[in-house]
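So the structure is just underneath, and the comments pick up after that.
The values are calculated or read from the model by the stated rules, or taken from the named source; none is laboratory data. Note that the structure is predicted; figures quoted are calculated from it, not measured. Every residue, glycine among them, receives a Cβ derived from its backbone with ideal geometry; neighbour counts consider all protein chains shown.
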Amino acid sequence: MEKTEKKGTVTSLASLFPPEEARKASQRVLDTIAEHEKELDQLNEFISDNNSIIDLVQRIPEQLHHDIMVPFGKKAFFPGRLIHTNEFLVLLGESYYVDRTSKQTTEILKRRGNTLGSQVESLKAVMQDLKAEASFFDATASEAAEGLVEIREDYIEEASTETVSHTDIKTVDEDEEYARLLSRMDELEKQELEAENDDESELEDSDLEDQGNQVLMEHRVENSEHEALKVQPASKVLPRTSEHSKVQTASKVLPASKS
């Protein structure tokens, strides 16, 4: 009798995450969120007070003195006058104080305000993550209480091997096609270079032929001029009056006739 192959497992979600434990975890996260909300409110108050102080520090130097009520203890005040309105005693920390002008004090307060703003943004991001975590625990507790189960199936390696083999074959085919394209492009580039070289050689041959024809024509012209120079002296040797002189000589030889 053949044994049935076990392909997966079924696990109850309540066995992994008991509903009561999930609710407790969610409550702990909510308590942490409440503490962060208090810190956030305190930081917002600091930012508001800092902005008020910046406004006050910028307005005080506009006058030489201010009439104020000076606190005397926690329950009494007496009238006084604020002088040296452009001098401020600024706390740097650890009981260290320095004298600063209104402009310098404003710059210090603005830097503190930027630091407080960065802390607020960081705290908001932490609270956002905690809210997501609390939501996950609440959903898990509800699903575990409903009797939800988790089904896991074994991963089949053969299917993965076949997929990888098909992928490898496809990759090899693509590589071969790419190699063929590269070789074809190289061949076309060689043909183009050969055609350019042939055109350049034909142009050089035609230029040489034109130069040779020009040299031959110049040589022929020089020969014709040289022959003409040789013919002209020979024509000058012959006298123009040779026939006339012969006639005169003949007339002298003939005797005179008697009448």
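Just a few scattered comments:
- Residues (assigned to a loop (DSSP other than H, G, I, E, B) and either touching a helix residue (DSSP H, G or I) at 6+ places or on another chain (Cβ under 6 Å) or surrounded by 10 or more Cβ atoms within 10 Å (Cβ to Cβ) (or both)) located in region 85-109: Thr85, Asn86, Glu87, Thr101
- Residue ID - farthest from Asp55 (Cα to Cα), chosen from residues in region 132-144 that are surrounded by 13 or more Cβ atoms within 10 Å (Cβ to Cβ) and of a type outside the set (A, V, I, L, M): Glu143
- Residues in region 28-43 that are surrounded by 13 or more Cβ atoms within 10 Å (Cβ to Cβ) and among the polar types (S, T, N, Q): Thr32 alone.
- Residue pairs whose Cβ atoms lie under 6 Å apart, separated by 6 or more positions or on different chains, with the first residue in region 137-154 and of a type in the set (Phe, Trp, Tyr) and the second not in a loop (DSSP other than H, G, I, E, B), are Phe137/Ala22; Phe137/Ala25; Phe137/Ser26.
- Yes/no for Asp168 being modelled with pLDDT under 65 and surrounded by 10 or more Cβ atoms within 10 Å (Cβ to Cβ): yes
- Odd one out for Gln27 among (1) in a helix (DSSP H, G or I); (2) under 22 Å from Leu148 (Cβ atoms); (3) in contact (Cβ under 8 Å) with a residue 12 or more places away in the chain; (4) not acidic (Asp, Glu): (3)
- Failed criterion for Thr11 (all others in (1) assigned to a helix (DSSP H, G or I); (2) touching a residue at least 24 places away in the same chain (Cβ under 8 Å) hold): (1)
- All conditions in (1) of a type outside the set (Lys, Arg); (2) under 30 Å from Asn114 (Cβ atoms); (3) in contact with a Leu (Cβ under 8 Å, 6 or more places away or on another chain) hold for Asp49, with the sole exception of (3).
- Tally, over region 15-24, of residues that are modelled with pLDDT of 85 or more and either outside any helix (DSSP H, G or I) or under 46 Å from the mean Cα position of the chain (by Cα) (or both): 0
- Residue match in region 130-139 (condition: under 37 Å from the mean Cα position of the chain (by Cα) and in a helix (DSSP H, G or I)): yes
- Total residues in region 40-81, condition farther than 30 Å from Glu121 by Cα and among the β-branched types (Val, Ile, Thr): 3
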